[in-house]
Amino acid sequence: MSARKIIIDTDPGQDDAVAILLALASPEELELLGITCVAGNVPLPLTSKNARIVCEAAGKTDVPVYAGSKAPLARPLITAEHVHGQTGLDGPELWEPQMPLAGGHGVDFIIDTLRSHAPGSVTLCALGPLTNIAAAFNTAPDIIDRVQEIVMMGGAYFEVGNITPAAEFNIYVDPEAAEIVFRSGATITMMPLDVTHKVLATKPRVEAIRALDSRVGHFTAEMLDFFERFDVEKYGSEGGPLHDPCVIAWLLQPALFSGRHVNVEIETSSALTLGMTVADWWGVTDRKPNALFIGDADADGFFKLLTERLARL
Ligand SMILES: [Ca+2]
């Protein structure tokens, strides 16, 4: 079987970085056509720099990295330095990347790539606010039917919100973009906090990655050392949740996950619940299912996969 073609749309972010590394370590299954960066965890100049640092850490500098949208579609940007640190990648010692940014806008890259490949042959992996993907759908509605699948990290239902009591960060930052994507008719698999909060980088799991004793192993372990602080303090959990890598792990080993096809609508107006992903888990409406809402994961299996793949870099 040939590798599945993917674009990673991202706002690195330590967990984004681990997701990118997992994809770069899996060329048999995933052909990474390009990385498009979006403003989210930190502003665009930092996310587009961090994505290149991650590629350089992996020694994979031939992947084009594009800068995309610098602000949400209709709102001022909200960032999350309180989780990710001032750089977005706090933890390891960072460097100025040698890799240049690819020429052109990330949104144009998404449009051009979907138009130039066979319909149904390119998967979009969305690891940040959905601004770039919504902007691409707005500009070029013809590409929506050409998307194989959108696999995204975002939202929450039973687990409720992290940035507000009701909303998860990626959706809250750009709810209008999320609404466009969820109403687009594209095939969507979502990794909400309900599942990502079960995939915790506990001490023994981080130490297994550090014990790889490679550049990538140390880089990853040092990011996770920093990243766990926020969640350990807030939730009393045993480590930081590896939100975004769930997206890539799903593509590699879907059997690690389980969920339900449900209807998910995005709240875009309420001051109280803005950005909430209203998931009809119990089927109490006649709204048509539009997303596979993942609710559970085999966390040990996930870390076995991650550690084994990082060892290849
Ligand atoms: Ca992210």
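Can you tell me the order of 65-72, 127-134 when each peptide is scored by its average per-residue count of other Cβ atoms within 10 angstrom, highest first?
The most tightly packed comes first, giving 127-134, 65-72.
Quick check: at a probe of 1.4 Å, how many percent of the accessible area of the chain sits on carbon and sulfur atoms?
The value for the chain is 53 percent carbon and sulfur by accessible area.
For the range 53-176, what D do you get in µm² per second when you plug the Kirkwood radius from alpha-carbon pairs into Stokes-Einstein at 10 °C and 1.306 mPa s?
The estimated diffusion coefficient comes to 97 µm²/s.
List the lysines whose Cα lies under 25 Å from the Cα of Lys304, skipping any in the same chain that are fewer than 8 positions away.
Lys5, Lys60, Lys198, Lys203
With n ≥ 4 as the cut-off for DSSP H runs, can you work out [θ] at 222 nm for the chain, using -39500 (n - 2.57) per run divided by the number of residues, rounded to the nearest 500?
Calculated mean residue ellipticity at 222 nm is -10500 deg cm²/dmol.
Note down the accessible area of Trp95, probe 1.4 Å, to the nearest 10 Å².
About 70 Å², ignoring ligands and nucleic acids.
Over 21 Å apart: what share of the alpha carbon pairs of the range 158-263 falls there, rounded to a whole percent?
Above the 21 Å cut-off, the range 158-263 has 45 percent of its Cα pairs.
Largest first and to the nearest Å, give the Cα extent of the range 1-93 along each principal axis.
The Cα atoms of the range 1-93 stretch 43, 32, 18 Å along the principal axes, largest first.
Output needed: percent of Cα pairs per 20 Å distance bin for the chain, bins running from 0 to the one holding the longest distance.
Calculated P(r), rounded to whole percents: 37, 60, 3.
Nearest-5 percent of antiparallel DSSP beta bridges in the chain?
30
Based on the Cβ-Cβ distance from Ser2 to Val284, what FRET efficiency comes out when R0 is 30 Å, to the nearest 0.05?
Using R0 = 30 Å, I get an efficiency of 0.10.
Please give the direction-averaged projected area of the C-alpha convex hull for the range 41-82, in square nanometres with one decimal.
Over every viewing direction, the Cα hull of the range 41-82 projects on average to 3.4 nm².
Which residue fluctuates the most in the chain, going by a Gaussian network model with Cα springs under 10 Å, if the choices are Ala167, Ala279, Ala255?
Result: Ala255 has the largest fluctuation of those listed.
Measure off 7 Å from each Cα along the Cα-to-Cβ vector at Thr268 and Ala71, then give the distance between these two points in nanometres to one decimal.
The two pseudo-label positions are separated by 1.8 nm.
Any chance you could check the Cα centroid distance between the range 44-100 and the range 238-270 for me, in angstrom?
For the range 44-100 versus the range 238-270, the Cα centre distance is 22 Å.
So how do 173-182, 197-206 stack up, highest first, on mean other-Cβ count within 10 Å?
173-182, 197-206
Given a 1.4 angstrom probe, what's the average accessible area per residue across the chain, in square angstrom?
Roughly 38 Å² per residue, with all protein chains present.
The values are calculated or read from the model by the stated rules, or taken from the named source; none is laboratory data. Every value quoted in this text rests on a predicted model; they were computed, and no experiment measured them. Positions of Cβ are generated from backbone atoms using ideal geometry, with glycine treated the same way; all protein chains shown enter the neighbour counts. Note: accessible area is taken over every heavy atom of the protein model, side chains too, but ligands, DNA and RNA are not part of it. Shrake-Rupley method; radii C 1.70, N 1.55, O 1.52, S 1.80 Å.
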